[in-house]
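This report concerns only the one structure given below.
Just so it is clear, none of the values below were taken in a lab; they were calculated from the coordinates. This is a predicted model, so every value here is computed, not measured. Backbone-built Cβ (ideal geometry, glycine too); neighbour counts: all protein chains shown.
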Amino acid sequence: MLKFDHVSKRYPDAGDALVDVSFHLARGEMAFLTGHSGAGKSTLLKLIAMMETCSRGHVLLDGQNLNRISERQVPYLRRNLGLIFQDYKLLLDRTVFDNVALPLVISGYGHQDIAKRVRAALDKVGLLGKEKKYPLALSGGEQQRVGIARAVVNKPRLILADEPTGNLDPELSAEVMHLFEQFQQVGVSVLIASHDIDLITRMGYRMLVLDHGHLVKG
Ligand code: ADP
Ligand code: ADP
């Protein structure tokens, strides 16, 4: 499903953010990405999300070489990805419903289809009944669950999360991680960058460890 083949990334006027990174993530596999601040975690996720391109090697997503895609294809390929951020990135002047509906509106779905899919996504994250609320009326854990509903509403094959529990207390973090497990159990691949070593060690999934851009454990 996802393959890094000898991938290096150097930013202009900066050192190497990633050096000769190779790994494979299977369909339905869940893995954590960890390492010190500046180790290259966000860069690795950005390469998959097509927000950056690699300097050497190849990133393959469902067999597609991401170096070879045109700017025009990017939005279509991104629909197969569910992106989740530490700071949720919700639109604060829109309701929960509208936030979750956004990817479907962009994809051009009709009203009834959108309503059905948004409710199904909110149901999965335990937020049915909060459609009309605004993000700031929700707790941090609930806001992140809105972010997760928005990420999965398009039924992506791969979920990418960058420090999704960075702003949550341990109990809420465990709940959010449990949600990821539920998506993994229905065949979605999940890659989560996280500093929360205690939690991810307890969960017992594969751990990819970056150290100064080198993958030292895969
Ligand atoms: P992490 O997510 O593990 O903290 P990053 O991928 O953000 O690591 O950063 C890896 C390295 O690349 C760091 O040295 C960082 O300063 C550098 N870096 C990240 N983004 C850029 C950029 N846009 N331009 C230049 N250097 C960058
Ligand atoms: P992280 O939480 O991944 O450590 P940072 O706070 O280091 O992120 O960086 C925030 C943003 O700035 C990221 O998008 C990262 O790619 C970018 N960035 C990091 N280092 C640099 C740099 N040296 N030059 C330009 N942009 C950078």
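Things worth noting here:
- Spin-label proximity, SER55 to segment 184-215 - amide N less than 14 Å from point 7 Å beyond Cα toward beta carbon: 213-214
- Around the Cα centre of segment 67-218, unit charges on the Cβ atoms of Lys, Arg, Asp and Glu (plus for the first two, minus for the last two) sum to a dipole of about 780 debye.
- Set of aspartates and glutamates near LYS130 by C-alpha distance (under 12 Å), chain-local residues within fewer than 8 positions excluded: ASP98, GLU142
- Cα→Cβ-extended label distance, 7 Å offset, between LEU136 and SER22, nm: 5.1 nm
- The convex hull of the Cα atoms of the chain, projected and averaged over all directions, covers 12.0 nm².
- Length gained on full extension, ILE106 to GLN185, computed as 0.36 nm times the residue gap minus the Cα-Cα distance: 25.7 nm.
- Evaluating kT/(6 pi eta Rh) at 20 °C and 1.002 mPa s, with the Kirkwood radius of segment 81-155 over Cα pairs in the Stokes-Einstein relation, gives 180 µm² s⁻¹.
- Counting other Cβ atoms within 10 Å as a rough exposure proxy, the listed residues VAL209, VAL176, VAL118 run VAL209, VAL176, VAL118 from fewest neighbours to most.
- In this structure, HIS212 and ALA120 have a Cβ-Cβ separation that, at R0 = 45 Å, corresponds to a calculated FRET efficiency of about 0.60.
- Formal net charge of residues neighbouring SER37 (Cβ-Cβ distance under 15 Å; K, R +1; D, E -1): -3
- Averaging over all projection directions, the Cα-based convex hull of segment 21-81 occupies 4.7 nm² in the image plane.
- Over 32 Å (Cα to Cα) - which of LYS3/LYS132; LYS3/LYS124; LYS9/LYS124; LYS41/LYS132; LYS116/LYS217 fall in this group: LYS3/LYS132; LYS9/LYS124; LYS41/LYS132; LYS116/LYS217
- Amide hydrogen neighbours beyond the local backbone of HIS214, cut-off 5 Å, H modeled: VAL19
- Computed from backbone phi with θ = phi - 60° and the Karplus coefficients 6.51, -1.76 and 1.60, the 3J(HN,Hα) list for segment 26-32 is 7, 4, x, 9, 10, 9, 9 Hz; x is used for glycine and proline.
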